[in-house]
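Encoded as structure tokens, the structure appears first; notes follow it.
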Amino acid sequence: MFKNCLKFIFLLLILILQGCSSKYDSIDYKTINNKPSESLDYNKIYNNLLTQYKNWEGVKYKYGGYSKKGIDCSAFVQKTFKEKLNFNLPRTTYMQLKIGEDISPEDLATGDLLFFKTGFKTNHVGIYLKNGRFMHVSTKKGVIISRLDNPYFSKHLWKIRRVLY
């Protein structure tokens, strides 16, 4: 009897803990259409992103940072989406990579996430603005706007994900 009770408690704990897992693990963010949405105001999104950039321009890179004393790339992306686009993203590049759907470079739209493979186990993320420019946190220059046709970035561009529909 005691053994059965322990099994029941163990199973109950598993169910409870499973309910505490990340909400991003169980949601399928894929959609059928990967073209920019006609219902989104991309000019407003662009202006909101530029406002965020102006507020954070030059803030230095700090791994794990989440403030104007220092911030890393995924924190900046998460904070920007939350504060300027009212959209919740996970904290890490690994988890951000799981949101949305893959987009080809020809279909880039303002607000798309750009992922770069910068090392064997190292990824970098930025937010596409328009006209081949994106904002991100550089390890050397802090929060900046860069060009996708820069040889370094064009060589290391790995994935593009659309999260805004």
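Laboratory data are not the source of any read-out in this text; all were calculated from the coordinates shown. Note that the structure is a prediction, hence the values are computed from the model and not measured. Note that each Cβ is placed from the backbone with ideal geometry, even for glycine, and that neighbours are counted across all protein chains shown.
Each residue of region 151-159 in turn: what ³J(HN,Hα) in whole Hz from Karplus with 6.51, -1.76, 1.60 and θ = phi - 60°, glycine and Pro shown as x?
Karplus values, whole Hz, x for Gly and Pro: x, 5, 6, 5, 6, 9, 4, 10, 9.
5 Å is the cut-off here: which amide hydrogens, built 1.01 Å from N in the peptide plane, fall below it relative to Gly100, excluding neighbours closer than 5 in sequence?
Answer set, sorted by chain and number: Tyr29.
Run the quick spin-label model on Lys121 and Arg133: label points 7 Å from Cα toward the beta carbon, then report their separation in nm to one decimal.
Using points 7 Å along Cα→Cβ, the separation is 3.6 nm.
Quote to one decimal, in nm, the extra length available between Asp102 and Lys60 on full extension: 0.36 nm per residue of separation minus the C-alpha distance between them.
Difference between extended and current length: 12.2 nm.
Which of Lys54/Lys130; Lys82/Lys121; Lys60/Lys98 have a Cα-Cα distance over 21 Å?
As for pairs spanning more than 21 Å Cα to Cα, those are Lys82/Lys121; Lys60/Lys98.
Show me, for region 109-119, the HN-Hα J-couplings you get by feeding each phi into the Karplus relation (A = 6.51, B = -1.76, C = 1.60, θ = phi - 60°), rounded to Hz, glycine and proline as x.
Whole-Hz 3J(HN,Hα) from phi for region 109-119: 9, 3, x, 5, 8, 10, 10, 10, 8, 9, x.
What is the spin-label model distance, in nm, from Arg147 to Ser67 if the labels are put 7 Å beyond Cα along the C-beta direction?
3.7 nm
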